[in-house]
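Q: One structure follows; several queries about it will come next.
The values are calculated or read from the model by the stated rules, or taken from the named source; none is laboratory data. What you see is a predicted model, and the numbers here were worked out from it, not measured in a lab. Cβ coordinates were reconstructed from backbone atoms using ideal geometry, including for glycine residues, and neighbour counts include every protein chain displayed. For the accessible areas, the whole protein counts, side chains as well, though only heavy atoms, and no ligand, DNA or RNA atoms are used. Shrake-Rupley method; radii C 1.70, N 1.55, O 1.52, S 1.80 Å.
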Amino acid sequence: LWSEGAMCLFVAAGSMFIMNEGYGLTEVAAGLSNARMSYIAVNGRVYHSNGGVTGVVDEGRVRAWGTDINDIKVRGIATGGSMPAGMYLYAMTFTTRDGQESGTGKAQRNDLPFGGAIDFNWAVPDDANIVDCTIYISQPNGEVMYMAAKLDVEQQTYYYNGGERVLPLATQWLDAPPAGQALALHKGRIYIAMADVLYATTPLSYEHCDLRDYRAFDNTTINVVAAVEGGLFVGTEKAVYYLNGASFDDNTLVRKMEFGAVRGSLVYADGQAVTGNPVLHGIIVALFATADGIVMGMPDGSISNLTQERYQMPEGQGGAAVFIAGQYSKYLLTM
């Protein structure tokens with residue numbers, strides 16, 4: 001069960017439902033497993049993943065999260081025409097109904113030693129949300145590909161005999177985000193824990209992910225990814241880390257605890273409500289369980305064990321948690 005503002009979602013018996021005001025239910029997806037779903041809300045959309053499948057709740061329906069570039073199957077065949085002689089690189093992207101362009105993979109190549117043209121043909125993808133395709137072609141013997149034509153994806157063929165090419169391909173090597181078991185939003189990127197590594201969507205482009213760019217930790221499953229103002233707490237089965245910085249290239253990694261984190265135990269709360277300290281009013285902190293106790297992660301990367309001196313945590317691989325603020329605030333956890 002997950003909620004933010006007026007949106008409430010849950011998965012039961014392999015289907016995802018929106019819980020409406022008055023507790024009425026609207027089914028928005030079927031065929032899911034009962035694996036725990038992780039959710040992130042951004043700009044009115046709810047991105048979700050359970051380690052096996054991904055999706056986006058968008059305007060009351062579920063659609064694919066990004067476009068799998070393995071679905072792009074295009075072929076260019078040299079034929080007669082008036083293009084200058086040379087070697088041409090080409091690639092194709094897909095565009096969805098709401099105008100989002102996919103990534104694409106390795107460029108393909110056509111050699112026109114005496115000039116000519118290129119006949120393109122492609123397969124129509126199964127995703128009905130994809131409506132257009134764009135062909136990018138390099139200049140003769142060039143390395144950068146530029147937009148040559150934007151076409152109805154159902155067209156399936158296109159004869160290209162040259163023309164002005166100005167807009168460069170900006171999404172090469174970007175793919176759909178992978179299916180991870182834990183998600184977090186931090187500084188314009190969704191971070192995705194997939195098994196034992198951490199991926200991130202491209203900045204302010206939540207439908208694209210460079211799968212060549214990731215961060216590994218200690219070769220155990222990541223159970224918690226908690227975003228605070230200064231960075232991310234990452235809790236694996238073995239330890240808790242703090243990661244800051246805008247990208248994997250420039251961030252720093254600090255090992256904060258030698259105890260593993262419990263999946264499903266993460267909640268966010270006002271620091272004053274958690275501690276009673278008025279200095280922390282309005283400061284959002286992360287609360288989650290570890291094998292050594294319930295901990296509070298601060299925006300600056302510091303961490304405090306709130307229960308170590310008075311409670312011995314039981315063994316647990318997963319759970320569910322909620323924070324209830326009030327005169328006597330409570331962090332409730334099932335394991």
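Q: At 1.4 Å probe size, put R63, R212 in order of accessible surface, largest to smallest.
A: Putting R63, R212 in descending order of accessible area: R212, R63.
Q: Over the stretch 238-281, what is the relative contact order in whole percent, taking alpha-carbon pairs under 8 Å and six or more residues apart?
A: 31 percent
Q: P(r) for the stretch 112-171, please, calculated from all Cα pair distances in 10 Å bins and given in %.
A: 20, 48, 28, 5
Q: Follow-up question, since we're still on this one. What net charge do the residues around A269 carry, taking every other residue with its C-beta under 15 Å from that of A269, with Lys and Arg at +1 and Asp and Glu at -1?
A: Once all neighbours under 15 Å are counted, the net charge is -2.
Q: On the full set of protein chains, 1.4 Å probe, figure out the accessible area of D213 and give it in Å² to the nearest 10.
A: Its accessible surface works out to 50 Å², give or take rounding.
Q: For the chain, taking Cα atoms only, what is the radius of gyration to one decimal and the Dmax to the nearest whole Å?
A: According to the Cα coordinates of the chain, Rg and Dmax are 24.0, 82 Å.
Q: So what is the 222 nm mean residue ellipticity for the chain from helices alone, if each DSSP H run of at least 4 adds -39500 (n - 2.57) and you divide by all residues, rounding to the nearest 500 deg cm²/dmol?
A: Values: 1 runs with 5 residues, N = 335.
Result for the chain, helices only: -500 deg cm²/dmol.
Q: Within the chain, what percent of beta bridges assigned by DSSP are antiparallel, to the nearest 5?
A: 95 percent
Q: Further, regarding this structure: Let me check against my output: what whole-number percent is the relative contact order of the stretch 1-92, with C-alpha pairs under 8 Å and at least 6 apart?
A: 14 percent.
Q: Below 13 angstrom from the Cβ of T202, what's the summed charge of the other residues (Lys, Arg +1; Asp, Glu -1)?
A: Cβ neighbours under 13 Å give a net charge of -2.
Q: Let me ask something else about it. Taking a probe of 1.4 Å, how large is the accessible area per residue of the chain, in Å²?
A: Details: 16360 Å² over 335 residues.
For the chain, the per-residue accessible area is 49 Å².
Q: Continuing with the same structure: Could you sort L232, L253 by accessible area so the largest value comes first, with the probe set to 1.4 Å?
A: Most to least solvent-accessible, the answer reads L253, L232.
Q: At a 1.4 Å probe radius, carbon and sulfur cover how many percent of the accessible area of the stretch 32-104?
A: 45 percent
Q: As a test question: what accessible area, to the nearest 10 Å², does E4 have when a 1.4 Å probe is rolled over all protein chains in place?
A: Approximately 100 Å² of E4 is accessible to the 1.4 Å probe.
Q: Right, another one. Given Cα pairs under 8 Å that are at least 6 residues apart, what percent is the relative contact order of the stretch 2-51? Don't skip to the answer; put the middle values down first.
A: Details: 72 pairs, mean separation 12.3, N = 50.
Once normalised by length, the contact order is 25 percent.
Q: Also, I was wondering about something else. Order R165, R97, most accessible first, counting only protein heavy atoms with a 1.4 angstrom probe.
A: If we order R165, R97 from most to least accessible, we get R97, R165.
Q: Connecting C-alpha atoms closer than 10 Å in a GNM of the chain, tell me which of P125, P278, P203 has the biggest fluctuation.
A: P278
Q: Restricting the count to DSSP beta bridges whose residues both fall in the stretch 196-335, what percent are antiparallel, rounded to a multiple of 5?
A: Just about 95 percent of them are antiparallel.
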